[in-house]
1. Considering every residue within the range 85-106, establish whether at least one is over 26 Å from GLY59 (Cα atoms) and either touching a Phe, Trp or Tyr at 6+ places or on another chain (Cβ under 7 Å) or part of a strand (DSSP E or B) (or both).
2. Restricting attention to the range 116-124, does a residue exist that is without any contact (Cβ under 8 Å) to a residue 24 or more places away in the chain and farther than 16 Å from GLY39 by Cα?
3. What about VAL93, is it touching a helix residue (DSSP H, G or I) at 6+ places or on another chain (Cβ under 8 Å) and buried (at least 16 other Cβ atoms within 10 Å of the Cβ)?
4. Taking the range 41-78, which residues are in a strand (DSSP E or B) and surrounded by 18 or more Cβ atoms within 10 Å (Cβ to Cβ)?
5. Would you mind stating whether ILE107 is within 14 Å of TYR47 (Cα to Cα) and under 13 Å from the mean Cα position of the chain (by Cα)?
Amino acid sequence: MTFNLRCFGWLPLLLLVQSCSSNFLPSSPASTQATSVAGVQGMASYYGARHHGRKTASGEPFNQHALTAAHRTLPFGARVRVTNLNNKKSVVVRINDRGPYAKGRIIDLSAQAARELNMIRAGVVPVRVERLE
């Protein structure tokens, strides 16, 4: 039995493309419904006073008192529900910036959103992110 090794030449490329795919959350059909029950889970952090007033990737000034967040791939203006998996508190935020840049994190929240999730002391918490429409 002989194998054509050229067939397996594409395998590493396909695996690389798969590993680089993003955690994009598709929009939902209903305006207040989340895309899925599970959403995307990962770690969240927050940023505040040090960045207050600086321009975000969307062009608007960052306001640490607003309910906003940074996400790598979701479009600016998208609304997401973020639930702290430690205490089940949730908040709806609007994406207006890019990030987080720290490895292993899926969303960076404004300081106000972090306060509403009761995560200021912890700094980084496990969350579920669900896109709203």
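Read the figures in this text as sums done on the coordinates, not as results from a lab. This one's a predicted model, so the numbers in the text were calculated from it and none came from an experiment. Virtual Cβ from ideal backbone geometry, glycine too; neighbours counted across all protein chains shown.
1. The answer is yes; a qualifying residue exists.
2. yes
3. yes
4. Hits for the range 41-78 are ALA44, SER45, TYR46, TYR47, THR68, ALA69, ALA70.
5. Criteria met by ILE107.
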